[in-house]
């Protein structure tokens, strides 16, 4: 039974804690400092027989769970890519959890569907996609990419693979060697096989080489294979390289191949005219994905997936058993027909709150601040003779490493940078990550956390330079 006063008391205590947490999150070690098993071993091995008070559970959360949390909302979080949040998004998530909507069909909550249609079209306008594109909110870019590859498969087989399965035809997918691993996973799940994902080597800036792409496509066609999809990266996972989307789009059109653009992180920056105009070619895409939950201050999970032909996407995924049929199915939009999931969270609410609270100008302002801070970090790294920049900075991602004495082998230099990364992160003061780029172990500094200020970047530089001095190189 719902107990109003008890719930209100507990909720207010939670809100007080959340407020204090967000105010002081930078005082926690950014990366959790516990070892494997430390958290689980704090609790009984079996479930409780009798119920416990919210107060008791909450105390365990604060005392036993928090030490095992890596604080993604810390302004000193510079690793991987961010999973950003913001006050309007947090508040909206509270409402989402309260409503507990299952938005599989329009009839199950009309507002969930229609608000999703609205915010997807707002975002389409904000990032400059043509009006023929339609959007849907998925959980992650990995799932959106899988949807794109499945739709490309159906287009290539005239929807026969959905009905009859794959019958020995070799279907090929193409991407850069720097592309995200989710593409290969999607190719596996789609039944195409990893051997039919053709990875094109990148250039010294991490971009797909279009001449090599076209050569591979022609060679495959001559072998009797069927090219079905090209995945272009607008910001590769490792170094945030921008593939030449326009050139890739021309090749895709020439050979009638589905073009999917993966812009999981960097897509948010398309709201900046100066970046949008530098990219070009997005109008050639058949599908496009980016994650507001990375760099647009919206709680995970919230991934925007746009398609040029929504009917083709719906025909790929529509499966409506009798118990889900309603009298208005032909008149309304059911987003469960746009992807893999039947059950759908009310993700649009938090994005709607963020867009309205920040406004386009507010989002642009914060992104530009992040880019300026990354440029500042890059400049300081360049001026330190112990370091080098591996690839040119893209947006707010800086890839760098210790140079060493110049006499080390690649293996030794990689080990030196790996050991330094661990020392940096063991301080708990900041958190950065790494990638391998053309065999070189590369440190990555991603300046994109909602609350990051210059003082946090200065602290990161102090830690990094101090650790480099301790290497005695």
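Every read-out reported here was derived from the displayed coordinates using simple, explicitly stated rules and does not represent laboratory data. As the structure is a computational prediction, the values presented were derived from the model and not from experiment. No Cβ is skipped: glycine too gets one built from the backbone with ideal geometry, and neighbour counts run over all protein chains shown.
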*So what is the relative contact order of segment 347-403, in percent, for Cα pairs below 8 Å that sit 6 or more residues apart?*
25 percent
*Under 1.5 on a/c is rounded, so check that first for the chain, then, if it is not, pick prolate when a/b is larger than b/c and oblate when it is not; a ≥ b ≥ c are the square roots of the alpha carbon gyration tensor eigenvalues.*
oblate
_For segment 109-220: rounded, prolate or oblate by the Cα gyration tensor [a/c cutoff 1.5]_ = oblate
*asked:* Going by average Cβ density within 10 Å per residue, which order do the peptides 401-413, 142-154, 164-176 take, highest to lowest?
replied: 142-154, 164-176, 401-413
*How far is the Cα center of segment 164-208 from the Cα center of segment 246-287, in Å?*
18 Å
_Highest mean first, how do 55-61, 302-308 rank when packing is the count of other Cβ atoms within 10 Å averaged over residues?_
302-308, 55-61
*Find the relative contact order for the chain and round it to a whole percent, using C-alpha pairs within less than 8 Å whose residues are 6+ positions apart.*
21 percent
*Do you know the relative contact order of segment 179-312, to the nearest whole percent, from alpha carbon pairs under 8 angstrom that are 6+ apart?*
17 percent
_Neighbour counts of other C-beta atoms within 10 Å: give me 108, 113 arranged from fewest to most._
108, 113
*For segment 276-356, what does the alpha-carbon gyration tensor say about shape, rounded, prolate or oblate, given a ≥ b ≥ c as the root eigenvalues, a/c under 1.5 as rounded, and a/b over b/c as prolate?*
oblate
*asked:* Can you say what percent of the DSSP beta bridges in segment 225-353, counting only those with both residues inside, are antiparallel? Round to 5.
replied: 40 percent
_Helix-derived mean residue ellipticity, 222 nm - over the chain, DSSP H n ≥ 4, -39500 (n - 2.57), to 500_ = -13500 deg cm²/dmol
*asked:* Among DSSP bridges having both ends in the chain, what percentage is antiparallel? Round to the nearest 5.
replied: 55 percent
*Listed peptides 21-27, 262-268, 248-254 by packing density, highest first (mean Cβ within 10 Å)*: 262-268, 248-254, 21-27
